[in-house]
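A short reminder: the numbers here are calculations on the coordinates, not readings from a lab. The model shown is predicted, which means the values in this text are computed figures rather than measured ones. Here the Cβ is made from the backbone with ideal geometry for all residues, glycine too, and neighbour counts use every protein chain on show.
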Amino acid sequence: MSHGTNNILTLLDPELVVFPDTANALEDPDGLLAVGGDLTPEWLLAAYRRGIFPWFSDDQPILWWSPSARCVVRPQTLNFSRSLRKVIRQGRYQVTFDRAFEAVMEACAAPRADQAGTWITEEMRDAYGAMHRLGYAHSIETWLNGELVGGLYGLAIGRIFFGESMFHRATDASKVAFAHLARQLASWGCEFIDCQVSNPHTLSLGAEELPRAEFESILRGEVDKQGFPTAWPSAPSPGLFDTP
């Protein structure tokens, strides 16, 4: 299957963990690179280390993507709004790490008013659950009076965190989770958080877009570095938001 002269959609051999050059990704839809393969940890690690991620619906085969522009957040230089910092300092929400990974994925997969369906299929939940048990996938949870009201999950490989999805059931709950994640990752020397494709919510959190080539250049230098702790602390380090 092809589009134009250089863009080719590759059919992957499920027995051979090999991805094509991302420069071959389609222009329309932007970034669609390959179809097939598997969602085992071996496939997922090989993909994310190249900046490739799976995204597909229940009625589709596994689709792999590498968009021409990549949405990222740089935690080292990220500034949060005064209103969000105020919400955090008020202490209304409790934030934890890896306390409810499956519940966060389930909440992220729940139907939303602005979406016809979900891309977080049962197959995806099983795959990222396996990555969580191996210490690669992590969740950040926001609690209000003991109830899970927000959070997000993603993969940590080397010095990069690959964000996958977030949800909220209370005002600012997902933003609070993201802010604590960003500050914690900054303290660990994280170069950037990959947000994949930009949307109004990620842009409101301070995201920027990088050309694919620039994103991949940074990625290559960071995924082989010594990573963050495999076993994350049960909660963010205290004092992350002590300064104004």
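One decimal place: the segment residue 234-residue 110 gains 42.1 nm when fully extended, by the rule 0.36 nm per residue minus the C-alpha distance. For the stretch 45-164, relative contact order (Cα pairs under 8 Å, six or more residues apart, normalised by length) works out to 23 percent. Here the 3J(HN,Hα) profile of the stretch 226-239, calculated from phi with Karplus coefficients 6.51, -1.76 and 1.60 at θ = phi - 60°, is 4, x, 5, x, 5, 9, 6, x, 5, 8, x, 4, x, x Hz, Gly and Pro shown as x. Please list, by residue number, everything in the stretch 151-175 whose backbone N is under 12 Å from a paramagnetic label point 7 Å out along Cα→Cβ of residue 90. Of the residues in the stretch 151-175, 171-173 have backbone N under 12 Å from the label point off residue 90.
Given R₀ = 25 Å, what would the calculated FRET efficiency be for residue 79 paired with residue 197, taking r from the Cβ atoms and rounding to 0.05? The pair residue 79/residue 197 has a calculated efficiency of 0.65. Can you tell me the FRET efficiency between residue 58 and residue 28 if r is taken as the Cβ-Cβ distance and R0 is 25 Å, rounded to the nearest 0.05? Efficiency, from the Cβ-Cβ distance: 0.60.
Length available on full extension from residue 21 to residue 145: 0.36 nm per residue minus the Cα-Cα distance, which gives 39.8 nm. The modelled label-to-label distance between residue 169 and residue 187, using points 7 Å beyond Cα along the C-beta direction, is 2.8 nm. Highest mean packing first, where packing is the average number of other Cβ atoms within 10 Å per residue, the peptides 87-99, 29-41 line up as 29-41, 87-99. Considering only beta bridges that DSSP places wholly inside the chain, some 85 percent are antiparallel. In whole angstrom, note down how far apart the Cα centers of the stretch 166-244 and the stretch 1-80 are. Spelled out, the Cα-based centre of one part sits 21 Å from the other. Using a 4.7 Å Cβ-Cβ cutoff, the cysteines of the chain lacking any partner cysteine are 108, 190.
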